[in-house]
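Here's the structure we're looking at; comments come further down.
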């Protein structure tokens, strides 16, 4: 008889204790009360983290330093003949136009897409890249041969003279880089001469032309210059 009365009393006491724990949220997370609390708790979204991420500063098209830094990166890749890395610096939509003798003729000068630049070292096909100054003979070569003769024919990364938006050396060929690329800016890397005994008749230059795209500078032109007759 006493046992029959004791059991309901114990059940009632346990129920009261359970209700108290539920009210204070002191149950372990694996129990029902924890699951209910989790369902009702606010969820932190990833957007809060994304909003806190630093944003790149807008490109200042008038600032020289970012342009020179990008030019130096291009020169380093040309020096190393790392055409895969160079392709990532080429304008993704316009590609890069190659001019062998100072005067840019868009539509006639050969242009390469980033993927074609990446494959320069492996492409064994011969292409016409323009005509030789004086003789008018077609410049016919593989892409790698063209780059060796009419792009990085000297170590322009160590050129003694470098200027922004200024043509440093010129001969009898028309210098029209500014007119050809009205939306761009250029860096001129020049050697006043390679052999002192030639008195400057072997001067050469490389103009790197860039245009802005998605908040950075991208290569759109490689204009080679040299002494011409």
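Every number here is computed from the coordinates shown, using simple stated rules; none is lab data. In this text the structure is predicted, and so the values were computed from the model without any measurement. Glycine also receives a Cβ, built like all others from the backbone with ideal geometry; neighbour counts cover every protein chain displayed.
Some notes on this structure:
- Residue match in segment 162-169 (condition: surrounded by fewer than 16 Cβ atoms within 10 Å (Cβ to Cβ), touching a helix residue (DSSP H, G or I) at 6+ places or on another chain (Cβ under 9 Å), assigned to a strand (DSSP E or B) and at negative phi): yes
- With respect to being in contact with a helix residue (DSSP H, G or I) (Cβ under 7 Å, 6 or more places away or on another chain) and crowded, with 19+ Cβ neighbours inside 10 Å, residue 101 falls outside the description.
- Conditions (1) over 27 Å from residue 114 (Cβ atoms); (2) touching a strand residue (DSSP E or B) at 6+ places or on another chain (Cβ under 7 Å); number of the one not met by residue 201: (2)
- Taken over segment 208-227, the criterion of being within 11 Å of the chain's Cα centre (by Cα) and in a strand (DSSP E or B) is satisfied by 212, 213, 216, 217, 218, 219.
- Any hit, segment 87-101, residues being more than 23 Å from the chain's Cα centre (by Cα) and farther than 26 Å from residue 214 by Cβ: yes
- Screening residue 136 on (1) farther than 15 Å from residue 226 by Cβ; (2) part of a loop (DSSP other than H, G, I, E, B); (3) under 31 Å from the mean Cα position of the chain (by Cα) shows it passes everything except condition (3).
- Residues satisfying the stated conditions in segment 75-100, i.e. in a loop (DSSP other than H, G, I, E, B) and touching a residue at least 40 places away in the same chain (Cβ under 8 Å): 81, 89, 91, 92, 93, 94, 95, 100
- Residue count for segment 54-67, restricted to those that are surrounded by fewer than 15 Cβ atoms within 10 Å (Cβ to Cβ) and assigned to a helix (DSSP H, G or I): 2.
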